[in-house]
Amino acid sequence: MSKNLSKIVGLTVSLAVLILLVSPPAGAAKTEIRVLCFAQGFAWPELFGTSGVDETERLKQFEEKEGLDVRIEWGDETAIRQKVAADLAAATGRYDLILVGTDGGVQTYGYGGFLEPLDKYLEEYPTEYFDPRDFFPSFLDANRVEGTLYALPYYSFGAGVMYRKDIFDKYGLTPPKDADELYEVLEALKSGLRGDGITDVYPVTMRGAPGEEPTLDVAGFVYAWAGYPAWFEGGATTPDQIRDKKAMPIFTGDFAPGFSAFVEISQEYGPPGIATHTWVDMMNIYAMGKAVILMPSAINAYAALGVTEDENVKKYTRFAKIPTGPGGKQIQSFWTFSLGMNKDSRHKKEAWKVLSFLMGKESMQAFAERTQWPNVTMKSVLYSDVLVKRYGMEEIKLNEESILEAEPFYFPYIPELNEYMDRIGTATSEAIAKMKSVDQVLSGLQTWALETMLRGGYYK
């Protein structure tokens, strides 16, 4: 056999092997990848249909190309969080991809060793669906625990003020730039509305329901008033920092001013029942035209624009950057809807393909086209035609500035974060409802936190 013929034969065999590796043969069994998530009908309807249970042609094309069978299991948020915890604790690997989020899941399960580190997959198994260079770094960074990437984000948000420009103009107001101006604006709105006999519209809507939800926003006020993440002495935010410095909880110290401000604003300027309000209530109150300002989770007002029947809400809603607190830092509210890979998954490389597809450019653009929310992970999508046309270049630039200026680590990344989120949120609700005084709830929180950290062996 000639050398050239040998080369041709060798090349042909190599190509055949490559084709077999890249494209599974027809009729080959597909690898099943199971996903556990909430937001049925809202997350990826272009793949799972508006019902969440119907495979679309696009999903079938992806499955056929990659030799995969993607199965997604839905539930309400609380039930899914419980299922995630149970599956990880049992180490069964039943679900390959799980909803974690950056409000406790990434931190608790990352430190616990329950999630597969993803950095090597980014480096060694790049896919056509996902380009990390297009992401705003903060949305990926928020999914890192001490530098290790444990999840990828879908929709994400930072803080902002959404407000009714028509009502601001009526009372000669402009968006507040600092805490003093925030109080001045809220008081002017309260006085103006009451003076005009308007008793069913309130200066601001925020969330104060028991449980973990309001802690994202409360912690943002704490950060802005203190000027640092004031949960532990010296602003310690990692287990090693807490151990090395023997940093004690400071919930009755520098944590208190921002917490108190959140409670006071909710009580004095929010709608009745705010102590029970979730993000859904924030959205609905704003959508009905019953609040002039929604803050600091601006995403909930963008959601309101999609459901409102109030023409003034549609026409006059504007976005402004969040005010700066007395500590010289901006109020924060930062979160990403994220999926992580189960450490016990039996099909990690295949799960990575599904994860990169679900969180990639195509999915993010579909999200923007459908929701028309600017709460996206990628700059190219934020500046896509659909969003620029909807909000104008000025508002899109303000959103980008807010993302770039955000501080994802405005609260500690510790294994106990899930417990802290629930405790702080519930304490906030009790204080807003005046079930206990601010001092009482913070004293109780301080005692609980100290016991928790002692039990965790932080001060040995």
Just give me the residues in the stretch 286-336 being surrounded by fewer than 24 Cβ atoms within 10 Å (Cβ to Cβ), out of contact with any Asp or Glu (no Cβ under 9 Å at 6 or more places or on another chain), outside any helix (DSSP H, G or I) and not polar (S, T, N, Q), in sequence order. Glu309, Asp310, Ala320, Gly328
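Yes/no matrix, rows are residues, columns are (1) over 20 Å from the mean Cα position of the chain (by Cα); (2) buried (at least 16 other Cβ atoms within 10 Å of the Cβ); (3) in contact (Cβ under 8 Å) with a residue 60 or more places away in the chain; (4) not in a helix (DSSP H, G or I):
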| position | (1), (2), (3), (4) |
| --- | --- |
| Leu355 | no, yes, yes, no |
| Glu401 | no, no, yes, no |
| Pro408 | no, yes, yes, yes |
| Pro415 | no, yes, yes, yes |
| Gly425 | no, yes, yes, no |
| Gln440 | yes, no, no, no |
| Tyr458 | yes, yes, yes, yes |
What tally of residues in the stretch 191-225 results from selecting those that are in a helix (DSSP H, G or I), more than 18 Å from the chain's Cα centre (by Cα) and surrounded by 22 or more Cβ atoms within 10 Å (Cβ to Cβ)? 3
Starting from residues that are among the acidic types (Asp, Glu) and more than 13 Å from Leu115 (Cα to Cα), keep the ones in the stretch 62-102 and report whichever is surrounded by the most Cβ atoms within 10 Å (Cβ to Cβ). Glu66
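Return the only residue of Lys329, Lys389 being touching a residue at least 12 places away in the same chain (Cβ under 8 Å) and either charged (D, E, K, R) or assigned by TED's automatic domain parsing to the domain that holds Phe62 (or both). Spell out how you get there, then give the answer.
Working: Lys389 fails: touching a residue at least 12 places away in the same chain (Cβ under 8 Å).
Checking each option against the conditions leaves just Lys329.
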Taking the stretch 375-424, which residues are touching a Ser or Thr at 6+ places or on another chain (Cβ under 8 Å) and of a type in the set (Val, Ile, Thr)? Val376, Thr377, Ile403, Ile414, Ile424
From the list Thr174, Thr92, Thr102, Thr108, which one is in a loop (DSSP other than H, G, I, E, B) and touching a residue at least 60 places away in the same chain (Cβ under 8 Å)? Thr92
Of the numbered conditions (1) farther than 30 Å from Asp87 by Cβ; (2) outside any helix (DSSP H, G or I), Val388 satisfies every one except a single condition; which is it? (2)
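Among the residues of the stretch 174-184, is there at least one that is closer than 30 Å to Glu419 by Cα, touching a helix residue (DSSP H, G or I) at 6+ places or on another chain (Cβ under 9 Å) and of a type in the set (Phe, Trp, Tyr)?
Going residue by residue through the stretch 174-184, those that are closer than 30 Å to Glu419 by Cα are 179.
Imposing the further condition that a residue be touching a helix residue (DSSP H, G or I) at 6+ places or on another chain (Cβ under 9 Å) reduces the set to 179.
Then keep just the ones that are of a type in the set (Phe, Trp, Tyr); that gives none.
No, the stretch 174-184 contains no residue that is closer than 30 Å to Glu419 by Cα, touching a helix residue (DSSP H, G or I) at 6+ places or on another chain (Cβ under 9 Å) and of a type in the set (Phe, Trp, Tyr).
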Of a type in the set (Ser, Thr, Tyr) and at pLDDT 95 or above, is that true of Tyr150? yes
Inside the stretch 41-75, the number of residues satisfying the requirement of being touching a helix residue (DSSP H, G or I) at 6+ places or on another chain (Cβ under 9 Å), farther than 25 Å from Arg346 by Cβ and not in a loop (DSSP other than H, G, I, E, B) is 3
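The values are calculated or read from the model by the stated rules, or taken from the named source; none is laboratory data. This is a predicted model, so every value here is computed, not measured. All Cβ positions, glycine included, derive from the backbone under ideal geometry; neighbour counts span all protein chains shown.
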